[in-house]
Structures are given as structure tokens and as C-alpha cells.
Amino acid sequence: MRLCFLGDAGSIHLQRWINYFLKAGYQVDVISFRPCEIEGAKVHLLAQGHGGRLAYVKAVYKIRQLIREIQPNLLHAHYATSFGLLALVSGFKPLVVTAWGSDVLVAPKESVVLKLIVERVLRHADALTSDSSNMSERMRELLNGHEGILKTITMGVSRDWFEQIPETEKKPFQILSLRGHQTNYNIDVLIQAMPDVTRAVPEAQLIVAGEGPETLALKELSASLGVEGNVHFVGQLPHAAVQSYLNESSISASVPTSDATAVSLLETMACGSFPIVTDLPANREWVDDKVNGLLVPVKDSKALAEAIIRALADGALRDKARDINRQRVGDKAIWEDNMGEVEELYQQLLRQRKGRHEYNSNG
């Protein structure tokens, strides 16, 4: 079976999908704006040497040509706006569209045009997936009664990764941030909380992983607040290092303005690092406030500081959360189990298409 993914080849999350299906024996092609070497898969570029609107215009004309060359059995677009629209333009069936978060939670609220595009893409697809119940519910609203297959499939953590997490002692005052340095993730709010945190707990140390367009400004903010001795920027981490930092950090903080089910949250829970997250619908699916984590309002540095101080002081709460969280991940968020559902979905769509072809040819 030949699968074609339409999305950002450089994304680690899309690469996880690609690698799962390569290991399962599928032939995999990827159509992307960004060049990236993926062992075992063939990456096709939409608009080499171009950027911005010109790249997208070129892609609209090129997508049908690429699909004809690849001749996949099934097309799977990741992100319902840009790549979803290209999938719609391609006219290819069967089509699966996976929403990633802001494409259905934010974009349709930004303009009427984007809302119309997303609605059209979702209704054209043969099946839809998302990784949170909240996002799936928003997609149902955008479908507005249109019948179709919609599955909530958590991306999750791999079974091997989960089972090999060592029992380690946490550094009692270490706080970890794993999110990218983009506006939505509010790393600045986390740094703004640190003066209050360090006044209450002078030993507190914030590890800021990741990179992005705001990295320099975040470092300058840390210096301006006088907490550069308690805030350490460690750059983009390889996946093995992510687990190491989670294994040693007592707390992991993630405070975006909007989010779907973040893999970093599931990894936090698996490794027994105490989650402090913004009070968003997707997070409430995994974290019960004051039970297995703490929920804080969006962009509220004072409330965030209070939550961090409380979590640092309450070892019993952290210990209770560790047991609950590991159980939840084991029950609901193992990558291979959830990708098995996607594989079943692919097979279902191909059987349906084959049945339609046979009916039409006999009729």
C-alpha cells in the first residue's frame, strides 16, 4: 500500500507518523514545502526556491502533478488550513485530514475566508482525526451536520520509551519548560513568574528548552528581571535528552494560550514530572486540578508563580500525581496502540472505495 502524507516534512510529529507506517511495511511519500531527509520515505517539494505567497500559488498548480506522479492509494493531509486546502485542490480520494490545533481552534475565528476554507476541507475529507476531544467537538461544529468519520486519536508516547523510563530521584527545585519559543506558548509569562518563585524558593531553577523567534527576547527578559542565575536556556533537545530532563525535573510547566493534546504533556506525565498547565479544554482531558497537576489561567504570571511555589513545597501532591499520571498514559496514550487505530481507518476507507468501484463496474 502506498501512502502519501501532505504536511511539513521537517516536523518531528509528522515524522513519527511516517516512521510508524514505514516500519509497518507501507510505501510512504511526503509532499512538503520544506526539504527534509527521511530514511525510507521519498520527500517531494511543492515550491523549491520560493517562499511566502508565491510558494503557495506555485503549490496550488503543482499538487495535482505530484499526486499523478506518486499515484498513492490514500492521501493524508496534516493541518486543515494550508495543507488541507492543497488536498482539496488535488481532488484526490480517499482523503484523511488531521487537525493539529490552531487550524481549527484559532484560524476559523480570525477571518470569514479561513472559516470557509476549513469548513470546505473538513467536509471534503473521507475521514478526519484530531488528538483531543475538545478539538473533535470544534470540528463537528465546523462540519455543521455533515456526516463523516471523525476519530479522536491521541498521538501518545511510544511503548518502548514508556517502558524504559528509569526510576530516578527528582531534583527537588528544578522546573522544566519544553515548548517552542513562539508567542502562543507564553514562555515570557513563565519567566515573569520566576522573580516571585525565587523570592519564595531561592533554590528554584528553570530549565528552558527549545528555540524559536522569541529566544533572544526571552534571554533579555530573564536578564532584565534579574533571574538569569535561575533560568537556564539549553536549546533544542534531542528526544533522548527530553526524557533525561523530564526524569530529573520535579515540575514541567506548559502555559500556551491555545493547545491540543501536547505530546510534551503526555511525556511529562509518563516521566513523573508534575504538570502545571494552562486551564484549557485539551489539558482538562488529562489533568484534574490539584489531583494530578495544577491548572492556571492563561497569561497570569502571578497565578503561575503561586502554582509553582505550591508544587515545589508539596511533595505528597507530586508523589500522588506521579502514580495517577503514569497509569493514565499507560491506559490511553501509547503511540503504537493509537496508530493501530489509524491503520484500521486507512484499511476501512480503502475497502469502502474498492466496494464502490466494484458496484459501479457491475452496475
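The values are calculated or read from the model by the stated rules, or taken from the named source; none is laboratory data. Given the structure is predicted, the values throughout are model-derived calculations rather than measurements. Note that each Cβ is placed from the backbone with ideal geometry, even for glycine, and that neighbours are counted across all protein chains shown.
Here W161 clears all of (1) under 27 Å from N247 (Cα atoms); (2) without any contact (Cβ under 8 Å) to a residue 60 or more places away in the chain; (3) assigned to a helix (DSSP H, G or I) except the condition numbered (2). Is it the case that the stretch 54-77 has a residue that's of a type in the set (G, A, S), in contact with a Leu (Cβ under 7 Å, 6 or more places away or on another chain), over 23 Å from Q352 (Cβ atoms) and loosely packed, with under 14 Cβ neighbours inside 10 Å? No, there is no match, as no residue in the stretch 54-77 is of a type in the set (G, A, S), in contact with a Leu (Cβ under 7 Å, 6 or more places away or on another chain), over 23 Å from Q352 (Cβ atoms) and loosely packed, with under 14 Cβ neighbours inside 10 Å. For the stretch 18-37, the set of residues classified as closer than 23 Å to R64 by Cα and either buried (at least 18 other Cβ atoms within 10 Å of the Cβ) or modelled with pLDDT of 95 or more (or both) consists of I18, Y26, Q27, V28, D29, V30, I31, S32, F33, listed by residue number. Filtered by the rule that a residue be assigned to a strand (DSSP E or B) and either of a type in the set (A, V, I, L, M) or surrounded by fewer than 22 Cβ atoms within 10 Å (Cβ to Cβ) (or both), the stretch 260-288 gives I276, V277.
Across the stretch 123-134, the qualifying residues are those that are surrounded by 24 or more Cβ atoms within 10 Å (Cβ to Cβ) and hydrophobic (A, V, I, L, M, F, W, C), and the one among them that is nearest to A260 (Cα to Cα) is L128.
Among the residues of the stretch 165-173, is any closer than 30 Å to A316 by Cα, touching a Cys at 6+ places or on another chain (Cβ under 8 Å) and either of a type in the set (V, I, T) or in contact (Cβ under 8 Å) with a residue 60 or more places away in the chain (or both)?
Within the stretch 165-173, the subset closer than 30 Å to A316 by Cα is 165-173.
If we keep only those that are touching a Cys at 6+ places or on another chain (Cβ under 8 Å) too, we end up with 165.
Narrowing the set further to residues that are either of a type in the set (V, I, T) or in contact (Cβ under 8 Å) with a residue 60 or more places away in the chain (or both) leaves 165.
Taking every residue of the stretch 165-173 in turn, at least one turns out to be closer than 30 Å to A316 by Cα, touching a Cys at 6+ places or on another chain (Cβ under 8 Å) and either of a type in the set (V, I, T) or in contact (Cβ under 8 Å) with a residue 60 or more places away in the chain (or both).
With respect to the conditions (1) farther than 28 Å from S133 by Cα; (2) at pLDDT below 95, A41 falls short on a single one, namely (2). Out of everything in the stretch 301-313 that is touching a strand residue (DSSP E or B) at 6+ places or on another chain (Cβ under 9 Å) and surrounded by fewer than 24 Cβ atoms within 10 Å (Cβ to Cβ), what residue ends up being nearest to M135 (Cα to Cα)? Applying the filter and picking the extreme gives A303. Across the stretch 155-173, the number of residues qualifying as surrounded by 12 or more Cβ atoms within 10 Å (Cβ to Cβ) and either closer than 14 Å to V263 by Cα or within 22 Å of the chain's Cα centre (by Cα) (or both) comes to 8.
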